[in-house]
Amino acid sequence: MNLYDVIHRRRDVRAEFTGAPIPDGVLDRILTAAHAAPSVGLSQPWDFVLVRDPDVRRAFHDHVRSERDAFAATLTGDAAARFARIKIDGVLESTVSIVVTYDADRGGPAVLGRHAIADAGLYSVCLAVQNLWLAATAEGLGVGWVSFYREPYLRDLLGIPAGVRPVAWLCVGPVTHLETVPDLERHGWRRRRPLAAAVHHDRW
């Protein structure tokens, strides 16, 4: 696949993981791609925690389910019915979970380029996540970003040091297929916004 094919083929995977193993070389290529992301001041403020322990994953999955229930309780009517049909994670079904973290002290005390935009380091971590996601897609794997969790819980669960922020729990592994239409669009949660609605010229 060329770059544009990978970008448009990429999906946030939930239900399609097979649990099959990932060859070590493939996993290394994916992590190497993530580590090659641009970063403010060349700080490389990310770390990658590979989570394979089934007990840890089950504990996290239980936490995710409780957060899903909390969100579901805020919905009524059609929104509640639509959300009930949406699977929000593949924590137990995927081959491995990769937790990407952000260390704001990395490259400090003076991080070149971050003095005026404090979040530039966090943006750098998101670029690493995107690199990982596109590389995994190019390798024929699926990735799902889990967002139904509380950061303090995840920090405690994985023993992440104080001051280091967990940014993304990514479920990664072989899949039966990648959907042509994103899940949230297929389930009627939201529709894509056309590019023309997002482009402005010179001023907002």
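The values are calculated or read from the model by the stated rules, or taken from the named source; none is laboratory data. Predicted model only: the values in this text are computed from it and were never measured. When we count neighbours, we look across all protein chains shown, and the Cβ atoms used for this are built from the backbone with ideal geometry, even at glycine. Remember, those area values only see protein heavy atoms, side chains included, never the ligands or the DNA or RNA. Shrake-Rupley method; radii C 1.70, N 1.55, O 1.52, S 1.80 Å.
Can you tell me which residues in the range 139-160 are open to solvent by 60 Å² or more (accessible area, probe 1.4 Å) and either in contact (Cβ under 8 Å) with a residue 24 or more places away in the chain or hydroxyl-bearing (S, T, Y) (or both)?
Once the filter is applied, which keeps residues that are open to solvent by 60 Å² or more (accessible area, probe 1.4 Å) and either in contact (Cβ under 8 Å) with a residue 24 or more places away in the chain or hydroxyl-bearing (S, T, Y) (or both), the range 139-160 yields E139, W145, S147, R150, Y153.
Return yes when R192 is free of Cβ contacts under 8 Å to residues at least 40 places away in the same chain, among the charged types (D, E, K, R), in contact with a Pro (Cβ under 9 Å, 6 or more places away or on another chain) and in a loop (DSSP other than H, G, I, E, B) and no when it is not.
The answer is yes for R192.
Among R57, R52, which is modelled with pLDDT of 95 or more, within 30 Å of T176 (Cβ to Cβ), open to solvent by 70 Å² or more (accessible area, probe 1.4 Å) and touching a strand residue (DSSP E or B) at 6+ places or on another chain (Cβ under 8 Å)?
The unique qualifying residue is R52.
Pull up the range 111-138, narrow it to residues that are without any contact (Cβ under 8 Å) to a residue 40 or more places away in the chain and within 17 Å of W46 (Cα to Cα), then point me to the one that is surrounded by the fewest Cβ atoms within 10 Å (Cβ to Cβ).
So the residue we want is A118.
Return the total of residues in the range 71-80 being surrounded by 11 or more Cβ atoms within 10 Å (Cβ to Cβ) and either in contact (Cβ under 8 Å) with a residue 40 or more places away in the chain or part of a helix (DSSP H, G or I) (or both).
4
Return yes or no: is T101 within 17 Å of Y149 (Cβ to Cβ), part of a loop (DSSP other than H, G, I, E, B) and among the hydroxyl-bearing types (S, T, Y)?
no
Criterion first (under 26 Å from R9 (Cα atoms) and small (G, A, S)) does A135 satisfy it?
Yes: the conditions hold for A135.
If I ask for residues that are assigned to a loop (DSSP other than H, G, I, E, B), surrounded by fewer than 15 Cβ atoms within 10 Å (Cβ to Cβ), touching a residue at least 12 places away in the same chain (Cβ under 8 Å) and more than 18 Å from the chain's Cα centre (by Cα), which ones from the range 20-49 would you list?
The answer is A20, P21.
Residues in the range 81-108 that are aliphatic (A, V, I, L, M) and open to solvent by 30 Å² or more (accessible area, probe 1.4 Å): how many?
4
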